[in-house]
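The values are calculated or read from the model by the stated rules, or taken from the named source; none is laboratory data. Just so you know, these numbers come straight off a predicted model, no measurement behind them. We place every Cβ from the backbone using ideal geometry, glycine too, and count neighbours over all the protein chains shown. Areas reflect the complete protein model, heavy atoms only, side chains present, ligands, DNA and RNA absent. Shrake-Rupley method; radii C 1.70, N 1.55, O 1.52, S 1.80 Å.
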Amino acid sequence: MGCAVSRKKKPQVILSKAKTLVILPGTFVKINDNDFVEVYNIGKKLGSGAYAEVRFCTHRQNKANRAVKIIAKQLLESESAKNQFIKEIEILKLLDHPNIIRVFEFFEDENNFYIVMEHCKGGELFDEIIKHKNFNEYQAAHIIRQVFSCIAYLHSIRVVHRDIKPENLLLEEKDDLFNIKLIDFGIATIIEEDDVQGMIGTPSYIAPEVINERYNEKCDVWSAGVLMYILLCGFPPFQGSTKNEVYEMIKNCSYILDGYGWENISSDAKDLIKKILVPQSSRISAEKALKHKWIVSMLKKDKRDQATMKTVLKNLEEFNAQNKLQEAAKLFIITQLMSTKEIKEARDIFKELDENGDGKLSRQELIKGYRKFASQKDAEDMVDRIMAAVDTDHNGFIDYNEFLKAAVDVKKISSEEYLQTAFNLFDKDANGKISIDELKSVLQSAGEDEVLFQEIIKQVDINGDGEIDLEEFTTILKNVRVSDR
Ligand code: AMP
């Protein structure tokens, strides 16, 4: 087969418009036109929220385990509920962070909407709190760092979650406090102006300015502070016999940090709480909280796996983005088909390199990673080359999805099964070829520009018939340089 391809015409490599096209994990998150039950086997109930119930489900074809949030349409009758639901979907499609739940696809039928997302096997952090009563500072710092990392990332893209609490933090695996996921963007919003209005959230975790109905993104920092308090001492900072009593204590920022439960807690931990549970105007930001000495000193105790770090950094070095189709297919395989286990190595290294925990890698953070194995000059040169190849949206950082595309072992990505499934996604009419129109439909975010899509096809179209067959698709995914053939 390989020989047959090599005798055909070489594709034209045109570097222009296609280079500027940005493909994100959300590109593949679409409404599936089939019936939900045709595609998934539905299983036991995992939980329920205000408008929805969440159930376990298994993809009938590829057997992947997922969770599905089922929203009854009759509960979305009011205009505001409907708008909030649309906003939840828009926000979920934007997100790209290792500690934020990943969404795969949506369905709609006469009665319900369905949001299919990754399944977290470990249950709610809330249940862990009940089980443990309180955590040691090392565990608490690890949990809180992950929460602040999510919040700092969300705030950097102007998203406010508005319901940070242990019920909305799930453990990816049982007893694994080091891999938690933030869920439920049901009341999240995007800050359009300076302030957000309206009281929303869960009473014990609500910030004073939210009670007063005029606030900004710092309300999430407050809720994370309440969580941190509970993790350390085992009880909430603001308690009362009525909701109003609790609100009064919150508005007065009235809580204790000594006596029962606090005897053995470090002054650094208390210092961070004091910088969080204060009025909005003087409250620390999530980004600054991540740099607080309590979090930094607690995390220093971690042992690092240098061998894995070296392998993943090597994959980064060897990454070369040949064309957009390859990039899109890789991202589809990583975000939609691969299990968490398969990307775990790369994900853990990303978190380790992301020293300030903001969910993206800066040039400096990468240089620091490479400095363990190279001189300053070599590390800088290497990182500059990597940034040029991997930072495909040119925002000056390596985002989580950009990192995964480059860091996950290409051998894992290019298994026959994954390649065929990814090809089938593009080849909508199943005629064995990807046409320009099919490519347009998968990469809707790129718009309708004919020239752009022609360029993408040409880069991969070895036999020059204007379409991509499985062999051409496989060749490009297996990272064989077409120009070398
Ligand atoms: P939500 O309506 O999103 O707050 O979800 C309600 C409850 O369902 C949560 O508190 C969890 O217990 C459970 N749940 C939600 N999403 C997932 C998921 N991805 N994996 C496992 N359980 C989930």
Practice problem: Tabulate in residue order the Karplus-calculated ³J(HN,Hα) for the stretch 254-270, using 6.51 cos²θ - 1.76 cosθ + 1.60 with θ = phi - 60°, rounded to whole Hz; enter x for Gly and Pro. | Solution: 9, 8, 10, 10, 9, x, 3, x, 10, 4, 9, 8, 5, 5, 5, 4, 5
Quiz item: Reachable lysines from Lys411, Cα under 20 Å, same-chain residues fewer than 8 places away excluded?
Solution: Lys310, Lys314, Lys324, Lys330, Lys341, Lys344, Lys478
Quiz item: aspartates and glutamates within cross-link reach of Lys270: Cα-Cα under 17 Å, excluding same-chain residues under 8 positions apart?
Solution: Glu137, Asp258
Practice problem: For the stretch 381-461, run through the GluC sites (Glu not before Pro) and keep only the ones in DSSP coil with at most 14 other Cβ atoms within 10 Å of their Cβ. | Solution: Glu448
Self-check item: DSSP-assigned coil residues among GluC sites (Glu not before Pro) in the stretch 34-107, each with at most 12 further Cβ atoms within 10 Å
Solution: Glu77
Quiz item: What trypsin sites (Lys or Arg not before Pro) in the stretch 337-388 are in a loop by DSSP, with at most 13 other Cβ atoms within 10 Å of the Cβ?
Solution: Lys372
Quiz item: In terms of solvent-accessible area of protein heavy atoms at a 1.4 angstrom probe, what is the ranking of Arg214, Arg162, Arg55, highest value first?
Solution: Arg214, Arg55, Arg162
Quiz item: Can you give the Kirkwood hydrodynamic radius for the chain, in Å, rounded to one decimal and based on Cα pairs?
Solution: 24.2
Self-check item: Rounded accessible area per residue of the chain, 1.4 Å, Å²
Solution: 46
Quiz item: Ignoring ligands, DNA and RNA, what percent of the accessible area of the stretch 200-294 is carbon or sulfur (1.4 Å)?
Solution: 47
Quiz item: Cα convex hull of the stretch 376-422: mean projected area in nm², to one decimal?
Solution: 4.2
Exercise. Evaluate E = 1/(1 + (r/R0)^6) for Asp437 and Ser78, where r is the Cβ-Cβ distance and R0 equals 41 Å; express this FRET efficiency to the nearest 0.05.
Key: 0.60
Quiz item: At a Förster radius of 51 Å, what calculated FRET efficiency corresponds to the Cβ-Cβ distance of Asn41 and His394, to the nearest 0.05?
Solution: 0.75
Practice problem: First select every other residue whose beta carbon is under 9 angstrom from the beta carbon of Gly225; then total the charges, Lys and Arg +1, Asp and Glu -1. | Solution: +2
